[in-house]
Amino acid sequence: MTVVRLPDGSMRVFEQPVSVIDVALAIGPGLARAAIAGKVNGKLVDVSSQLAEDCDLAIITEKDAEGLDIIRHSCAHLLAHAVKELFPEAQVTIGPVIEDGFYYDFSYKRTFTPEDLIAIEKRMLEISKRDLKIERKVLERSEAINFFKQQGEYYKAQIIESIPGDEDLSLYYQGNFTDLCRGPHVPATSRIKVFKLMKVAGAYWRGDSNNEMLQRIYGTAWINKEDQKAYLHRLEEAEKRDHRKLGKQLNLFHMQDESPGMVFWHPKGCVLWQQIEQYMRNILNQNGYQEIRTPQILDKNLWIRSGHWDNFRENMFTTNSDEKEFAIKPMNCPGHIQIFNQGLRSYRELPVRLSEFGSCHRNEASGALHGLMRVRAFTQDDAHIFCTENQVQDEVVKFIDLLKIVYANFGFTELLVKLSTRPQKRVGSELQWDKSEAALQAALNDVKLAWELQPGEGAFYGPKIEFSLKDSIGRVWQCGTLQLDFSMPERLGAEYVAEDNSRQIPVMLHRAILGSLERFIGILVENYAGAFPLWLSPVQIAILNISKGQADYAQEVATQLQYHGIRVSLDLRNEKITYKIREHSMQKLPYQIIIGDDEVRTNKVAVRNRLGADLGQMTLQTLIDRLKEELSARK
């Protein structure tokens, strides 16, 4: 007898072992038709899987979060099947699910062309319509190796040989195609209906540049055509908003080969940077932070003591002087502890909140560099809070409240939160990690934030909370972090005098709201498509004269606006007004002032907004009041 417990609390009892699909059928034929997998005691399985013992079972359909990943994984196999039918000499390697889709790597004698992708996608549709049953079979390790070698699939044989242990391996069969996979998969190819191949890229076998360069075909798959259409629209929007293109168009920054992964900020980009930095400086000052500055280069021995040398060495730039080895700082925390350590601290001083716009360098792989989003030199809105264990809860709550205000002022109101726990490679005792993880979890629950657990994703010195924001086209960006650290203050000798006159080690909270300013600016550029709100715009208003006769009045208007703190561009060139309007519109400026003879005569200004709407004539003071109101609201 097998007892199956369902998510709604009900139970089904079967006299003999039963498959997942049979349970679904017993519940109702509609559910059986919708089922694509099962979850048995928390583990995903195929609908053909047999249930021989009592268990908890959830039937997975397209509507479930796991359902889409299963469809995408099955679509990767569908891709490989189509490639093998069209290009029999191609060898298949690996084909995992990724965000918004999947890919599969192939070894083939020539490069796949755009025409090949069209043919492959067409063949995938044909295979889908064949409604081939997808079946799982288990083979012994040696049998599986021999099978793939006989098929000429030597990469698959290598994969099996590299899998540790002697466990049996599962193979999936659909028609004349067989693949190695843990599964689960949809029950038939007809369940894979909405997909599109996106591009071909190079990828080294096993990610090692010493190995063969394979061809990686990327694709996307969705439950319905509406979702895929929305996704493709987001991609089009993302292409239009690419911060690298807009950075050049708006004359904000550039990057060049002589300094890979490092940014040359132009005057307009520097103004944008300063607005962000000054805003953060002011709000941190209002919330009890003290700004500091620490050195760029520190002795190797300090990094050894902090734990970074053993856990982060491959990402650090180093240099030598006076027969000593130094590291250019990849992060600011050891330097902040040195400032905390100057003088004997009392418990009455805690919490101590030290902030720094800290310039850091990390030796990122050249292939990972991507505009402002992934750089080697960056500046963090970094801070460290030194406090007692009893103060941790309040400090975490205060930080989260502050972070929400900052994001809202930059136009981000949707917040996603993840708690990352101890990684395999870490420092500190298990007791410290237990206390750290429990404290962060309690703080998140205290502020009633929904959060997701990320086991094993914490920093090497402590667990962390990751804060992600969602931009205007629905993309998620992880920016803010808060990490609780019992270890590093002890390793670097931080202490304070407790109320009982004993020497105690403070808890240190590593925290950032924006993260890398470079990356955050990249996010802002793409979120606003370069059309920044007034308070962030490098140039807030352009003043354009129609002819030379209005130049003096235009200059007077510019001077008055600058006196009131408005960032102005004065264009007195001898060009047609339509040309100047179009050119400044390309710069996505919030406002333009057009000055002709009528404006000079009436002592007024004619104003246009960035959408091209004519706001009419108004006095300069009326415009200044309007701008100040908009600036105060951070619109």
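For the stretch 200-219: of the residues being in contact (Cβ under 8 Å) with a residue 40 or more places away in the chain and among the charged types (D, E, K, R), which is nearest to Thr93 (Cα to Cα)?
As a first pass, look at the stretch 200-219 and keep what is in contact (Cβ under 8 Å) with a residue 40 or more places away in the chain: 200, 203, 205, 212, 214-219.
Pick out the ones that are also among the charged types (D, E, K, R) and you get 212, 216.
Numbers: Glu212: 12, Arg216: 10 Å.
Only one residue tops the list, namely Arg216.
Conditions first: (1) more than 27 Å from Trp265 (Cβ to Cβ); (2) touching a strand residue (DSSP E or B) at 6+ places or on another chain (Cβ under 8 Å); (3) among the acidic types (Asp, Glu). Asp394 passes all but one, so which condition is the exception?
(2)
When Val47 is evaluated against the numbered criteria (1) assigned by TED's automatic domain parsing to the domain that holds Lys149; (2) in a loop (DSSP other than H, G, I, E, B), which criterion, by number, is the only one it fails?
The failed condition is (1).
Find all pairs meeting these conditions: Cβ atoms under 7 angstrom apart; at least six residues apart or on different chains; first residue within the stretch 446-469 and in contact (Cβ under 8 Å) with a residue 60 or more places away in the chain; second residue of a type in the set (D, E, K, R) and part of a strand (DSSP E or B).
Going by the 7 Å Cβ cut-off, the qualifying pairs are Tyr461/Asp485.
For a quick check of your reading of the model, give me the residue pairs whose first member lies in the stretch 237-251 and is surrounded by 15 or more Cβ atoms within 10 Å (Cβ to Cβ), whose second is of a type in the set (A, V, I, L, M) and in a helix (DSSP H, G or I), with beta-carbon atoms closer than 6 Å and at least 6 apart or on different chains.
Between residues of the stretch 237-251 that are surrounded by 15 or more Cβ atoms within 10 Å (Cβ to Cβ) and residues that are of a type in the set (A, V, I, L, M) and in a helix (DSSP H, G or I), the close pairs are His243/Val525; Leu246/Val525.
Tell me, please, whether a residue that is touching a residue at least 60 places away in the same chain (Cβ under 8 Å) and β-branched (Val, Ile, Thr) can be found in the stretch 162-185. Break it down stepwise before answering.
Restricting attention to the stretch 162-185, the residues satisfying the condition of being touching a residue at least 60 places away in the same chain (Cβ under 8 Å) are 172, 174-177, 179, 181, 183-185.
Restricting the remaining residues to those that are β-branched (Val, Ile, Thr) gives none.
Looking through the stretch 162-185, none of the residues is touching a residue at least 60 places away in the same chain (Cβ under 8 Å) and β-branched (Val, Ile, Thr).
Across the stretch 333-388, which residue is farthest from Ser502 (Cα to Cα) among those that are more than 30 Å from the chain's Cα centre (by Cα) and of a type in the set (Phe, Trp, Tyr)?
For the stretch 333-388, the residue satisfying everything is Phe340.
Glu414 fails exactly one of the following numbered conditions: (1) surrounded by fewer than 18 Cβ atoms within 10 Å (Cβ to Cβ); (2) touching a strand residue (DSSP E or B) at 6+ places or on another chain (Cβ under 6 Å); (3) in contact (Cβ under 8 Å) with a residue 60 or more places away in the chain. What is the number of that condition?
(3) is the only condition that Glu414 fails.
So that you can scan it fast, the table gives a plain yes or no per residue for (1) part of a helix (DSSP H, G or I); (2) surrounded by fewer than 18 Cβ atoms within 10 Å (Cβ to Cβ); (3) in contact with a strand residue (DSSP E or B) (Cβ under 6 Å, 6 or more places away or on another chain); (4) not β-branched (Val, Ile, Thr):
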{"position": "Glu143", "(1), (2), (3), (4)": "yes, yes, no, yes"}
{"position": "Gly152", "(1), (2), (3), (4)": "no, yes, no, yes"}
{"position": "Pro164", "(1), (2), (3), (4)": "no, yes, no, yes"}
{"position": "Tyr173", "(1), (2), (3), (4)": "no, yes, yes, yes"}
{"position": "Ser190", "(1), (2), (3), (4)": "yes, yes, no, yes"}
{"position": "Leu197", "(1), (2), (3), (4)": "no, no, yes, yes"}
{"position": "Gly202", "(1), (2), (3), (4)": "no, yes, yes, yes"}
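Being in the same structural domain as Glu126 (by TED's automatic domain parsing) and not basic (Lys, Arg) narrows it down to one residue among Ala52, Ala26, Ala80, Ala34; which is it?
Within the list Ala52, Ala26, Ala80, Ala34, the selection yields Ala80.
Determine which single condition Glu349 fails, assuming it passes every other condition in (1) farther than 23 Å from Gly462 by Cα; (2) charged (D, E, K, R); (3) buried (at least 17 other Cβ atoms within 10 Å of the Cβ).
With respect to (1) farther than 23 Å from Gly462 by Cα; (2) charged (D, E, K, R); (3) buried (at least 17 other Cβ atoms within 10 Å of the Cβ), Glu349 is out only on (3).
The values are calculated or read from the model by the stated rules, or taken from the named source; none is laboratory data. Keep in mind the model is a prediction, meaning the values are calculated, not measured. Neighbour counts run over all protein chains shown; Cβ positions are idealised from the backbone, glycine included.
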